[in-house]
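The values are calculated or read from the model by the stated rules, or taken from the named source; none is laboratory data. All values derive from a computational prediction rather than experimental measurement. A quick note on method: Cβ atoms are made from the backbone with ideal geometry, for glycine too, and the neighbour counts reach across all protein chains shown.
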Amino acid sequence: MTERLADISARIDGIRQLGAVVNAMKGIAAARARTARSQIEAVDSYAATVATAISNALGPAGGASPAKAPEGQTGDRTGLLVFCAEQGFAGAFSERVLDSIDDDLSDASLFLIGSRGLSIAAARGLHPVFSAPMSSHTPGIPKLADGIAKAIYRALDEGRFDRMDVVHAGWAAGQPQIHRQVLLPIDLSDLPPPGATRPLTQLPTDALINSLSGDYLHALVCKAALHAFAAENEARMEAMAAADAQIARELVVFEATLRRVRQEAITAEIIELGTGAATVSADR
């Protein structure tokens with residue numbers, strides 16, 4: 001009986017230690033998600049500013065129709081920039097993202113971000129043309145976006161795709177939401193209307209548009225990365241909250257078991273003492 005009490009007590013201590021780890025992970029995920037959400041607004045504002053600059057540089061004639069693929073390209077080849085989870089303990093976060101593009105993977109060039117997502121993709125027999133780990137902190141996202149943009153331009157020069165879409169998860173109403181947006185070519189119909197007068201510039205229009213388009217692509221990649229970063233940590237918070245609830249239920253069960261076993265031990269000792277006293281009396 002004493003050994004069983006010790007085993008149950010050790011199990012309770014182990015569960016409590018696991019609960020402390022789960023709470024720490026939940027707190028870290030909450031802090032990271034909150035930081036990312038606060039920075040998304042700034043990136044949105046920057047992307048909107050660059051979009052307005054492109055629209056004004058093009059003028060009224062340039063903003064009426066979407067950008068076309070380069071001459072000689074059919075537009076059938078697609079590149080997919082996909083943001084998955086970097087770390088585990090986020091539920092089926094990466095699986096949902098990959099499931100959303102399952103129909104497009106047979107003939108698409110896959111650019112995959114996130115180490116956890118990369119391992120899941122490998123298990124599915126997917127081999128990205130480019131992969132990179134997701135930044136563990138939001139200050140590293142602009143540098144990550146630089147590397148992604150360079151890989152996109154390099155693949156575009158190699159003729160791997162005619163169109164690039166970005167796929168990432170967002171978070172709304174306590175559930176992940178999968179978003180897909182065209183990155184290249186830039187759809188001019190999504191730009192805001194140009195101003196009444198065209199601004200004065202010192203650069204040729206083509207050079208200015210190319211420069212602004214690079215900034216716009218970088219802003220869109222940063223925006224997608226921030227949304228994915230926040231959604232991954234929101235998913236981890238949900239997973240850790242579920243684990244915390246399960247730990248609480250396990251503790252209730254084991255503490256009840258501990259009380260019952262302890263009561264049984266006390267009862268057994270009382271019976272043993274009573275039996276011993278009765279035996280002594282009978283002997284006398």
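Filtering the range 147-185 down to residues that are acidic (D, E) and assigned to a loop (DSSP other than H, G, I, E, B), which residue is nearest to the chain's Cα centre (by Cα)? Here the residue is D162.
With respect to (1) buried (at least 16 other Cβ atoms within 10 Å of the Cβ); (2) at pLDDT 85 or above, the lone exception for G147 is condition (1). Of all residues assigned to the range 251-268, none qualifies as being within 30 Å of F111 (Cβ to Cβ) and of a type outside the set (A, V, I, L, M). Can you say whether V43 is in contact with a Lys or Arg (Cβ under 6 Å, 6 or more places away or on another chain) and modelled with pLDDT of 85 or more, as far as the supplied structure shows? The answer is yes for V43.
For (1) modelled with pLDDT under 85; (2) out of contact with any helix residue (DSSP H, G or I) (no Cβ under 6 Å at 6 or more places or on another chain); (3) over 21 Å from V22 (Cβ atoms), each residue gets a yes or a no:
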site: V182; (1), (2), (3): no, yes, yes
site: D206; (1), (2), (3): yes, yes, yes
site: L226; (1), (2), (3): no, no, yes
site: A235; (1), (2), (3): no, no, no
site: E238; (1), (2), (3): no, yes, no
site: A248; (1), (2), (3): no, yes, no
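Residue count for the range 1-21, restricted to those that are more than 14 Å from L251 (Cα to Cα), hydrophobic (A, V, I, L, M, F, W, C) and part of a helix (DSSP H, G or I): 3.
Among the residues of the range 45-59, those identified as part of a helix (DSSP H, G or I) and more than 30 Å from the chain's Cα centre (by Cα) are A53, I54, S55, N56, A57, L58.
In the range 120-137, the residues that are farther than 19 Å from A151 by Cβ form Cβ pairs under 8 Å with partners that are of a type in the set (S, T, N, Q) and surrounded by 11 or more Cβ atoms within 10 Å (Cβ to Cβ), at six or more places apart or across chains, as follows: I120/S94.
On the basis of being exposed (fewer than 15 other Cβ atoms within 10 Å of the Cβ), closer than 30 Å to R37 by Cβ and without any contact (Cβ under 8 Å) to a residue 24 or more places away in the chain, does A207 make the cut? It is false that A207 is exposed (fewer than 15 other Cβ atoms within 10 Å of the Cβ), closer than 30 Å to R37 by Cβ and without any contact (Cβ under 8 Å) to a residue 24 or more places away in the chain. Sub-7 Å Cβ pairs linking a first residue in the range 71-84 that is at positive phi and small (G, A, S) to a second residue that is modelled with pLDDT under 85 and not in a strand (DSSP E or B), at least 6 apart or interchain, are G75/A69, ordered by first then second residue.
Taking first residues from the range 9-27 that are surrounded by 15 or more Cβ atoms within 10 Å (Cβ to Cβ) and partners that are outside any helix (DSSP H, G or I), the Cβ contacts under 8 Å between residues at least 6 apart in sequence or on separate chains come to M25/F89.
Of the set (1) in a helix (DSSP H, G or I); (2) surrounded by fewer than 16 Cβ atoms within 10 Å (Cβ to Cβ), all apply to A243 but (2).
Quick one: in the range 186-213, which of the residues that are part of a helix (DSSP H, G or I) and of a type in the set (D, E) is farthest from the chain's Cα centre (by Cα)? That would be D206.
S45 satisfies every condition listed in (1) within 30 Å of Y216 (Cα to Cα); (2) in contact with a helix residue (DSSP H, G or I) (Cβ under 9 Å, 6 or more places away or on another chain) except (2). When the range 153-182 is filtered for residues that are hydrophobic (A, V, I, L, M, F, W, C), more than 12 Å from T78 (Cα to Cα) and touching a strand residue (DSSP E or B) at 6+ places or on another chain (Cβ under 8 Å), the ones remaining, listed by number, are V167, A169, W171, I178. What do you reckon, is V167 touching a Lys or Arg at 6+ places or on another chain (Cβ under 6 Å) and β-branched (V, I, T)? Spelling it out, V167 is indeed touching a Lys or Arg at 6+ places or on another chain (Cβ under 6 Å) and β-branched (V, I, T).
Restricting attention to the range 211-224, the residues that are farther than 29 Å from K26 by Cβ and either surrounded by 22 or more Cβ atoms within 10 Å (Cβ to Cβ) or touching a helix residue (DSSP H, G or I) at 6+ places or on another chain (Cβ under 6 Å) (or both) total 7. Just to be sure I understand the filter: pairs with C-beta atoms under 6 Å, separated by 6 or more residues or on different chains, first member in the range 243-256 and farther than 13 Å from R11 by Cβ, second member aliphatic (A, V, I, L, M) and assigned to a helix (DSSP H, G or I). Which pairs pass? Matching pairs, first to second residue: A243/V22; D244/V22.
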